[in-house]
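Colleague: Below: one structure in structure tokens.
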Amino acid sequence: MKTSSDELFQLIRSLDSREKAYFKTQAGSDNYIKLFDIINSLNGNYDEQKVKAKLGNRTAIKNLKFNKTRLTEAILRSMEKYHSADSADMVIAKKLQQIEFLYNKALYPTALKIINKTLKSAIENESFLYTLKLLSWKSEILKTSEKTNDILSYLDKGFKEESDQINKYMNQREYYKLQYKLVPLLNTKQIISTPDHTKNIRKILSDPLLKNKRPADMSYSAVKYYYNIMAVGTRQEGDWERSNRYRKEFVLYLEADKTKLHARAHNYIMGVHNLLMSLRKVGNQKEHDLYYNKVNDFINTLPKKYKTKNIINEYIQLNIEYMNNQLDLFNYDKVISAANETEKLKKDDLQADTETHMFFYYFAFLAYFSLNKYKAALRHLNKIMDYADSGILPDFVYTSKLIALIVHFELGDTELLIGMARSTQRYLLKKRKTIHEYEKIIFELFGKKIHMQNSKTELTELLIETKQKLELIFKNTREVQVMEYFDLIAWLDSKITGRSFSDLVKEKAAVAAHQQKRIRKQ
């Protein structure tokens, strides 16, 4: 049976309250408004049977597909009008219609005035294709006017300006192409990286286009792509110091032009969000707090017209990064508090991307687990596993399935562990075609051995043996990278010694920080 399209449902769901109110003033048809209200009232997923039941009218039900199409068009037309003043490209597109009308009426001087005025806006906003279209109209009108001096002037300056715009556009697309090459590498990034993945990243970073950076000569979009490629690439290589430098340079680049900062709000919040991640990794808490407070001040003073859904979603992601930072500081209660506040934002019809959701649930899971609140921890871990078929960060899902065994053990669900261990192993073989060595050890522990212990002493000896096996694996392979997701050794130590998992993680972090400090002094 063919599933009904939910595109209209998703479109209506994406609108904020002001956009919905504006549409109703422009709809022009009570039938459209009724269908709009019915679909808008749906909770969860789109259900066409519920829509038909609420419509009631047989004719309306028969014409539902047609009316959905017309309603979609009506919404898009009204949103085009509603946002026309906010979008430079929309304004330019309307001006191009005016220019064509005036040209067809042979009103060349008036058309030329509009072209010259609109060209300034198009160039400032780096609307390269619109700029070229405006220049094309300018050359055509000057040629039609048959004014020799104007024609000679365009030959001297106009075609050079066209070439400059084409070159800037092509340069921007070359940087964009490089950034585009990173996307599949990031989407398939494994917790335990492979030599091929590292090789592909380095190939991108070695591109000659990245060797001669001159921001003063580059378009804003090209600069944006450049910094993102360098920051992401060096991060994937594990060089967080360099990545942090590129992140900070981009934020400072944005802040240098205060006149355009509101219009570039999305990129600014995203830039600060990325900077917070790198500052956390390099251990610069002072600057982390500085930029977190700075972006909060920025969002609080940002005019309403700039507070789009994309910007709020990016702000949600930034707050999730704050949760990660507070995890590093072992402020688990603050993590949970931030998680609850973020949930409120997420409930406001905001659709963050899959990766954002996955990290949100992971940070919440880790906070609850560290506070021994295992039911809440499992609830958030299960949310990650719900994305098993998304194709995003698959190793994140796989590792979550493995860690679920530990949570169930903590909950005392020992009778479930043998079956869970076997089914998880089969799942990984089917999806990933391989089982890591550390996973084999965990499956061995929960799949059989842990159920054969008759005393606390025997269980402790088994856990010590498991810990030693894992330490040997982590010492000689890349598999130690899984410890960034969940500290298996600290968990085993907590069961062996009877101490809390959170205290052991905190102690290990303190030792690592002390060693890092000594290395820096040397």
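Colleague: Using Cα-Cα distances under 8 Å and only pairs 6 or more residues apart, what relative contact order does the range 385-460 have, in percent?
Modeller: Reported relative contact order: 25 percent.
Colleague: Right, here's the next one. Kirkwood hydrodynamic radius, computed over distinct alpha-carbon pairs, for the range 49-107: how many Å, to one decimal? List each step's numbers first, then the result.
Modeller: Values: mean 1/r = 0.0688 Å⁻¹.
When all Cα pairs of the range 49-107 are included, the Kirkwood radius is 14.5 Å.
Colleague: Looking at the range 5-60 from every direction and averaging, what is the projected area of its Cα convex hull in nm²?
Modeller: It is 4.0 nm².
Colleague: Considering only protein heavy atoms and a 1.4 Å probe, what is the carbon-and-sulfur percentage of the accessible area of the chain?
Modeller: Exposed carbon and sulfur together represent 50 percent of the surface.
Colleague: Given 0.36 nm per residue, what is the gain on full extension from Ala513 to Gln26 after removing their alpha carbon distance, in nm?
Modeller: Contour length minus the Cα-Cα distance gives 169.3 nm.
Colleague: May I ask you to compute the full-extension gain from Leu76 to Thr460, defined as 0.36 nm times their residue separation minus their alpha-carbon distance, rounded to one decimal in nm?
Modeller: 131.8 nm
Colleague: Among (i) 28.7, 102; (ii) 24.8, 80; (iii) 23.1, 72, which one is Rg and Dmax of the Cα atoms in Å computed from these coordinates?
Modeller: Given (i) 28.7, 102; (ii) 24.8, 80; (iii) 23.1, 72, the structure-derived one carries the label (i).
Colleague: Please state, to two decimals, what the Cα-based radius of gyration of the range 266-392 comes to when divided by 2.2 N^0.38 Å (N = residues).
Modeller: Normalised Cα radius of gyration, the range 266-392: 1.06.
Colleague: What translational diffusion coefficient, to the nearest whole µm²/s, does the range 138-210 have by Stokes-Einstein, given a Kirkwood radius computed over alpha-carbon pairs, a temperature of 25 °C and 0.890 mPa s viscosity?
Modeller: In µm²/s, the coefficient is 154.
Colleague: Over the chain, with the other protein chains present, what is the accessible area per residue in square angstrom, probe 1.4 angstrom?
Modeller: Accessible surface, normalised per residue, equals 55 Å².
Colleague: Additional query: Once you have all Cα-Cα distances for the range 370-522, histogram them in 10 Å bins from zero and send the whole-percent values.
Modeller: Pair shares across the bins are 10, 37, 37, 13, 3, 0.
Colleague: Ok, one more. If only Cα atoms are counted, what is the Rg of the range 121-167, and what is its Dmax, in Å?
Modeller: 11.0, 31
Colleague: Something else about it: Just to be sure I understand: if I project the alpha-carbon convex hull of the range 193-253 onto a plane and average over all orientations, what area do I get in nm²?
Modeller: 4.1
Colleague: Once fully extended, how much extra length lies between Lys440 and Asn340, figured as 0.36 nm per residue of separation less the alpha-carbon to alpha-carbon distance?
Modeller: Extra length from Lys440 to Asn340 when fully extended: 32.4 nm.
Colleague: Jot down the radius of gyration and Dmax of the range 110-254, Cα atoms only, both in angstrom.
Modeller: When restricted to the Cα atoms of the range 110-254, Rg and Dmax are 20.5, 68 Å.
Colleague: For Lys258 and Asp156, FRET efficiency with R0 = 45 Å and r from the beta-carbon atoms, rounded to 0.05?
Modeller: Computed FRET efficiency for Asp156 and Lys258 comes out at 0.80.
Colleague: Sticking with this structure for a sec: For the full complex of protein chains and a 1.4 angstrom probe, list Tyr268, Tyr398 by accessible area with the highest value first.
Modeller: Numbers: Tyr268 5, Tyr398 25 Å².
From most exposed to least exposed: Tyr398, Tyr268.
Colleague: Listed here are the pairs Lys177/Lys383; Lys449/Lys495; Lys449/Lys508; Lys373/Lys401; which of them are more than 24 Å apart at the Cα?
Modeller: Pairs exceeding 24 Å: Lys177/Lys383; Lys449/Lys508.
Colleague: On to the next question. Quick check: with the 1.4 Å probe, what order do Lys94, Lys448, Lys52, Lys334 take by accessible area, largest first?
Modeller: Lys448, Lys334, Lys94, Lys52
Colleague: Report P(r) for the range 432-522: all Cα-Cα distances, bin width 10 Å, range 0 to the bin holding the largest distance, values in whole percent.
Modeller: Histogram of Cα-Cα distances, whole percents per bin: 14, 40, 32, 11, 2, 0.
Colleague: Here is a follow-up. From the C-alpha gyration tensor of the range 201-327, pull out the three semi-axes of the equivalent ellipsoid (sqrt of 5λ each), sorted largest to smallest, in whole Å.
Modeller: Three semi-axes, in Å: 24, 19, 12.
Colleague: Give the dimensionless ratio obtained when the Cα radius of gyration of the range 1-117 is divided by 2.2 N^0.38 Å.
Modeller: It is 1.43.
Colleague: How big is the range 377-465 by Rg and Dmax over its Cα atoms, in Å?
Modeller: 13.7, 43
Colleague: Summing +1 for each Lys or Arg and -1 for each Asp or Glu, what net charge is found among the other residues whose Cβ lies under 14 Å from the Cβ of Arg202?
Modeller: Working: positive: Lys181, Lys199, Lys203, Lys211, Arg235, Arg242; negative: Asp196, Asp207, Glu237, Asp239.
Once positives and negatives cancel, what remains is +2.
Colleague: Mean residue ellipticity at 222 nm from the helices of the chain, using -39,500 (n - 2.57) per DSSP H segment of n ≥ 4 over the full residue count, to the nearest 500 deg cm²/dmol?
Modeller: About -24500 deg cm²/dmol.
The values are calculated or read from the model by the stated rules, or taken from the named source; none is laboratory data. Bear in mind that the values here come from a model prediction, so they are computed numbers and not experimental data. We place every Cβ from the backbone using ideal geometry, glycine too, and count neighbours over all the protein chains shown. Each accessible area value is taken on the protein alone, full model and side chains, heavy atoms only, with ligands, DNA and RNA left out. Shrake-Rupley method; radii C 1.70, N 1.55, O 1.52, S 1.80 Å.
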